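Report on one structure; see the data block that follows.
The values are calculated or read from the model by the stated rules, or taken from the named source; none is laboratory data. Remember, predicted model here, so these are calculated numbers, not experimental data. Cβ atoms come from the backbone with ideal geometry, glycine included; neighbour counts cover every protein chain shown.
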Amino acid sequence: MKQLLAVIGHPIHHSLSPAMHGAAIEALGLDAAYLAFDVAPEALGDAVRGLRAIGAIGFNVTLPHKETIVAHLDAIDDAARAIGAVNTVVREGARVVGTNTDARGLVRSLEEAGVALAGTRVVIAGAGGAARAAAYGIAQAGARSITIAARRPSQAEAIARDLGGVIDACALDAPRLLEGCDLLVQASSATLHADAGRELAGALPLATMPRGAAVIDLVYRPRVTAVLAAAESHGLRTVDGLGMLVHQGALALERWTGREAPVAIMRAALERALAAR
């Protein structure tokens, strides 16, 4: 019997997950299908019960359900609890368990790009869910210090307080923000929008980052954001956001199937899907 995998969100038409996972399923020769379901907030509980009832082996969760889905699951793991959001649900016997693969997906994408994290000083721009996941994953990877910088410092302080450890917070315009910084993670939504992206790129003191430092923008559309373009102009190493998207999906697939994910095939499928839009 064909196994079911899915992604749920609202809206869902923009999701690239079916293209990525469909290619992986075909490459691995799995008797499975990966479908996208548009689930309105008021129908979330019914959707989870339905996926459970028909025996789905797992599913992804995207906006606006990443936090509210917790109430409809049997359990969540440490990563989902720390990040405060679920992006992947795994069937474990009769239970459905939530996890979050975004943090580890980011770390894998940086490792793939040759960016070391152990012992580094990292600055994260932004204080939303992506910033929280980035802070958690990079701390787990052994960073020496992580500063979350935001236009609203109170939001950054809340993440630092929740996660603790080597994480602190400051205002985005703090003096000497990027001096001695080994990695800048652009984790806000600003670079999704041309004007805001250029404003942010102009506000970041990229010229003060040391030689050999790296900048990653978690936005993957456009591939070269205003912040990445500015970083390149200063001779910094750059990493786009597509790698995180690929690796969070690969980690989910590995949890569902127990098979090693075909990362190169998943990346190629995403690139084709992006080119077609």
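Observations, loosely collected:
- Test result for ARG259, over 20 Å from LEU106 (Cβ atoms), of a type in the set (Lys, Arg) and modelled with pLDDT of 95 or more: yes
- Residues that are under 17 Å from the mean Cα position of the chain (by Cα) number at least 3 in the following strands (runs of 3 or more DSSP E) confined to region 164-276: 183-186, 214-217.
- Of all residues in region 177-205, those that are among the charged types (D, E, K, R) have Cβ atoms under 8 Å from Cβ atoms of residues that are assigned to a helix (DSSP H, G or I), 6 or more apart or on another chain, in GLU179/THR208; ARG198/ALA226; GLU199/ALA190.
Yes/no per residue for (1) among the acidic types (Asp, Glu); (2) in the same structural domain as ALA213 (by TED's automatic domain parsing); (3) buried (at least 17 other Cβ atoms within 10 Å of the Cβ):
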{"site": "ALA127", "(1), (2), (3)": "no, yes, yes"}
{"site": "ARG132", "(1), (2), (3)": "no, yes, yes"}
{"site": "ALA135", "(1), (2), (3)": "no, yes, yes"}
{"site": "ALA141", "(1), (2), (3)": "no, yes, yes"}
{"site": "SER154", "(1), (2), (3)": "no, yes, no"}
{"site": "ILE159", "(1), (2), (3)": "no, yes, yes"}
{"site": "ILE167", "(1), (2), (3)": "no, yes, yes"}
{"site": "CYS170", "(1), (2), (3)": "no, yes, yes"}
{"site": "GLU179", "(1), (2), (3)": "yes, yes, no"}
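- Scanning region 187-204 for residues that are loosely packed, with under 15 Cβ neighbours inside 10 Å and not small (Gly, Ala, Ser) yields LEU192, HIS193, ASP195, GLU199.
- Residues (free of Cβ contacts under 8 Å to residues at least 24 places away in the same chain and outside the structural domain of ILE138 (by TED's automatic domain parsing)) located in region 226-254: GLU254
- Strands (runs of 3 or more DSSP E) (entirely within region 50-128) containing at least 3 residues that are over 17 Å from ARG255 (Cα atoms): 121-125
- Only one of ALA194, ALA171, ALA141, ALA158 that is at pLDDT below 95 and of a type outside the set (Phe, Trp, Tyr): ALA194
- Criterion: surrounded by fewer than 18 Cβ atoms within 10 Å (Cβ to Cβ), free of Cβ contacts under 8 Å to residues at least 12 places away in the same chain and not acidic (Asp, Glu) - qualifying residue of ALA53, ALA75, ALA113, ALA40: ALA53
- Subset of region 134-168 that is of a type in the set (A, V, I, L, M, F, W, C) and touching a Ser or Thr at 6+ places or on another chain (Cβ under 7 Å) - its residue that is farthest from VAL107 (Cα to Cα): VAL166
- Flag if ALA213 is at negative phi, touching a residue at least 12 places away in the same chain (Cβ under 8 Å) and touching a strand residue (DSSP E or B) at 6+ places or on another chain (Cβ under 8 Å): yes
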